[in-house]
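Heads up, the thing below is written out as structure tokens.
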């Protein structure tokens, strides 16, 4: 991976790009007014572009750049405020003041919706295995201006951790989060979901292991939640109760650990 600037840049942007290259332990190169396609062809490697307002990641395996945007989160938050429904919130039974660990952060849409529910008294932490995704999403959550103060506050409140979720789960104390959530990336999800196709070349396609679920059950006080393709056998294999949605290509499953908070 190489780090460079947008075509239109100044000394400040160059300094920012050099700082990011140090953060990501990647090589900074001068842009030299070359189109991104030329750079990728010459270097045969991924290019991380530092723009004035956004960060872009161009993969040699994708024609579309990856950059942060809230995806469906804003629509979901508005719908949740209007009619009180969101499938993740239904499955997790999240309430104000609770804590959620999102083990597969991606673009962070689920984390944003969750944070909007738990509020300032709660906490949402997202784990992302891909270093470029984690870096871009972390910066995006802190900088994106949606024009809505409450939505912005939810984004700013999310903590991003880069790493492999099993190892991080193993280091956490027991009962340290109310809910632990998994939304694993896989080919079917990418083929049927809009707005996340640039993730295809960057995402880590690690399956959710039995060991990870066992660790999640130790870490979670109340529920472990899994989002998966409606035909997936993982729900049954891993012991999840499924909430089936008639017209949806994805279902949510949950494992109850403590039902007292539902009464």
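The values are calculated or read from the model by the stated rules, or taken from the named source; none is laboratory data. As the structure is a computational prediction, the values presented were derived from the model and not from experiment. With ideal geometry, Cβ positions are generated from the backbone for all residues, glycine too; neighbour counts draw on all protein chains shown.
Output yes when any residue across region 102-111 is part of a helix (DSSP H, G or I), touching a helix residue (DSSP H, G or I) at 6+ places or on another chain (Cβ under 7 Å) and within 21 Å of residue 177 (Cα to Cα), and no when none is. Lay out the reasoning, then the answer.
Initially, region 102-111 is screened for residues part of a helix (DSSP H, G or I), giving 109-111.
Remaining after also requiring touching a helix residue (DSSP H, G or I) at 6+ places or on another chain (Cβ under 7 Å): 109-110.
Filter again for within 21 Å of residue 177 (Cα to Cα), leaving 109-110.
Yes: region 102-111 contains one or more residues that are part of a helix (DSSP H, G or I), touching a helix residue (DSSP H, G or I) at 6+ places or on another chain (Cβ under 7 Å) and within 21 Å of residue 177 (Cα to Cα).
Residue by residue, here is whether (1) at pLDDT below 90; (2) surrounded by 16 or more Cβ atoms within 10 Å (Cβ to Cβ) holds:
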site	(1), (2)
27	no, no
48	no, yes
53	yes, no
61	yes, no
82	no, no
117	no, yes
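Only one residue in 97, 147 is assigned to a loop (DSSP other than H, G, I, E, B), modelled with pLDDT under 95 and at positive phi, so which one is that? First the steps, then the outcome.
Values: 97 fails: modelled with pLDDT under 95.
Residue meeting the stated conditions: 147.
Which of the residues spanning region 49-66 are farther than 15 Å from residue 7 by Cα and assigned to a strand (DSSP E or B)?
Once the filter is applied, which keeps residues that are farther than 15 Å from residue 7 by Cα and assigned to a strand (DSSP E or B), region 49-66 yields only 66.
Here is a list: 82, 19, 12, 8. Which entry is closer than 27 Å to residue 145 by Cβ and within 24 Å of the chain's Cα centre (by Cα)? Steps first, answer last, please.
Numbers: 82 fails: within 24 Å of the chain's Cα centre (by Cα); 12 fails: within 24 Å of the chain's Cα centre (by Cα); 8 fails: within 24 Å of the chain's Cα centre (by Cα).
It is 19.
Tell me yes or no: at least one residue of region 119-138 is surrounded by fewer than 18 Cβ atoms within 10 Å (Cβ to Cβ), in the same structural domain as residue 84 (by TED's automatic domain parsing), touching a helix residue (DSSP H, G or I) at 6+ places or on another chain (Cβ under 8 Å) and in a helix (DSSP H, G or I). Lay out the reasoning, then the answer.
First pass over region 119-138, keeping only residues surrounded by fewer than 18 Cβ atoms within 10 Å (Cβ to Cβ): 119-121, 131.
Those still in the list that are in the same structural domain as residue 84 (by TED's automatic domain parsing) too: 119-121, 131.
Narrowing the set further to residues that are touching a helix residue (DSSP H, G or I) at 6+ places or on another chain (Cβ under 8 Å) leaves 120.
Checking which are in a helix (DSSP H, G or I) leaves us with none.
No; the residues of region 119-138 include none that is surrounded by fewer than 18 Cβ atoms within 10 Å (Cβ to Cβ), in the same structural domain as residue 84 (by TED's automatic domain parsing), touching a helix residue (DSSP H, G or I) at 6+ places or on another chain (Cβ under 8 Å) and in a helix (DSSP H, G or I).
Take residue 168 and tell me if it is within 13 Å of the chain's Cα centre (by Cα) and either modelled with pLDDT of 95 or more or assigned to a helix (DSSP H, G or I) (or both).
On the way: within 13 Å of the chain's Cα centre (by Cα): no; either modelled with pLDDT of 95 or more or assigned to a helix (DSSP H, G or I) (or both): yes.
Spelling it out, it is not the case that residue 168 is within 13 Å of the chain's Cα centre (by Cα) and either modelled with pLDDT of 95 or more or assigned to a helix (DSSP H, G or I) (or both).
Given (1) in contact with a helix residue (DSSP H, G or I) (Cβ under 6 Å, 6 or more places away or on another chain); (2) over 22 Å from residue 74 (Cβ atoms); (3) touching a residue at least 60 places away in the same chain (Cβ under 8 Å), where does residue 174 come up short, assuming only one miss?
Exception for residue 174: condition (3).
Taking region 13-44 on its own, how many of its residues are in a helix (DSSP H, G or I) and either within 19 Å of residue 60 (Cα to Cα) or touching a residue at least 60 places away in the same chain (Cβ under 8 Å) (or both)? Can you show your working first?
Going through region 13-44, the residues in a helix (DSSP H, G or I) turn out to be 13-23, 36-43.
Then drop every residue that is not either within 19 Å of residue 60 (Cα to Cα) or touching a residue at least 60 places away in the same chain (Cβ under 8 Å) (or both), which leaves 20-21, 23, 36-43.
Counting residues in region 13-44 that are in a helix (DSSP H, G or I) and either within 19 Å of residue 60 (Cα to Cα) or touching a residue at least 60 places away in the same chain (Cβ under 8 Å) (or both) gives 11.
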